[in-house]
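Everything on this sheet refers to the single structure shown next.
The values are calculated or read from the model by the stated rules, or taken from the named source; none is laboratory data. All figures in this text were calculated on a predicted structure; none of them were measured in a lab. Cβ placement follows ideal geometry from the backbone for every residue including glycine, while neighbour counts extend to all protein chains displayed. What goes into the accessible areas is simple: the full protein's heavy atoms, side chains included, and nothing from ligands, DNA or RNA. Shrake-Rupley method; radii C 1.70, N 1.55, O 1.52, S 1.80 Å.
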Amino acid sequence: MQNVDDYLANQPEKNRVALSKLREFIQKLAPEASEVISYGMPLYKFHGMLVGFAGYKNHLGFYPGGIVQEFLDELKDFKTSKGTIQFTVDRPIPDKLLKRIIRAKMTQNLAKIVK
């Protein structure tokens, strides 16, 4: 994959629609973030790694890093790991929660450069 457009073009239609919406949401919240392909998936950088996403056969993945641990109570209906949130096309991460996670990650990244 050369870019995110290529990545999305290679996704099944239902994944492509859901991931395109997520992409637009990220770009709206973090317009200064650069968009790259890293580890074979779309990744956004804002003073370090911000978030990434990927599509799989049975789920979609959102990768905000360790900040996931701060939102575990609100993510109890989703499968999570240290830095990953799994969701499906039919059960996306709610926009309000997604917004809070992305903003928290941005704040975390900015705090690192201030030190």
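Out of every Cα-Cα pair in the range 53-115, what percent are more than 17 Å apart?
Details: 742 of 1953 pairs.
Percentage above 17 Å: 38.
By its C-alpha gyration tensor, with a ≥ b ≥ c as the square roots of the eigenvalues, how is the range 1-50 shaped: rounded for a/c under 1.5, else prolate for a/b larger than b/c, else oblate?
Details: a/c = 2.65, a/b = 1.41, b/c = 1.88.
Taking the square roots of the gyration eigenvalues as a ≥ b ≥ c, the range 1-50 is oblate.
List the relative contact order of the chain as a percent without decimals, with contacts defined as Cα pairs under 8 Å and 6+ residues apart.
Working: 148 pairs, mean separation 24.3, N = 115.
Once divided by the residue count of the chain, the mean separation gives 21 percent.
Can you tell me the dipole magnitude for the chain around its Cα centre, using point charges on the Cβ only (Lys, Arg +1; Asp, Glu -1), in Debye to the nearest 20?
280
Quick check on the chain: take the gyration tensor over C-alpha atoms, sort the square-rooted eigenvalues as a ≥ b ≥ c, and tell me if it's rounded (a/c under 1.5), prolate or oblate. Provide the component values of the computation, followed by the final result.
Numbers: a/c = 1.84, a/b = 1.18, b/c = 1.55.
Verdict is oblate for the chain.
Using the heavy atoms of the protein chains and a 1.4 angstrom probe, tell me the accessible area per residue for the chain in square angstrom. Intermediate results must be reported in sequence, preceding the final value.
Values: 6910 Å² over 115 residues.
Result: 60 Å² of accessible area for each residue.
Using θ = phi - 60° and the Karplus form 6.51 cos²θ - 1.76 cosθ + 1.60, what ³J(HN,Hα) does each residue of the range 37-47 get, whole Hz, x for Gly and Pro?
Ordered by residue, 3J(HN,Hα) equals 9, 9, 6, x, 9, x, 9, 10, 10, 8, 6 Hz.
Roughly speaking, to the nearest percent, how much of the range 41-115's 1.4 Å accessible area is carbon and sulfur?
On the way: 2280 of 4260 Å².
In the range 41-115, the share of accessible area belonging to carbon and sulfur is 54 percent.
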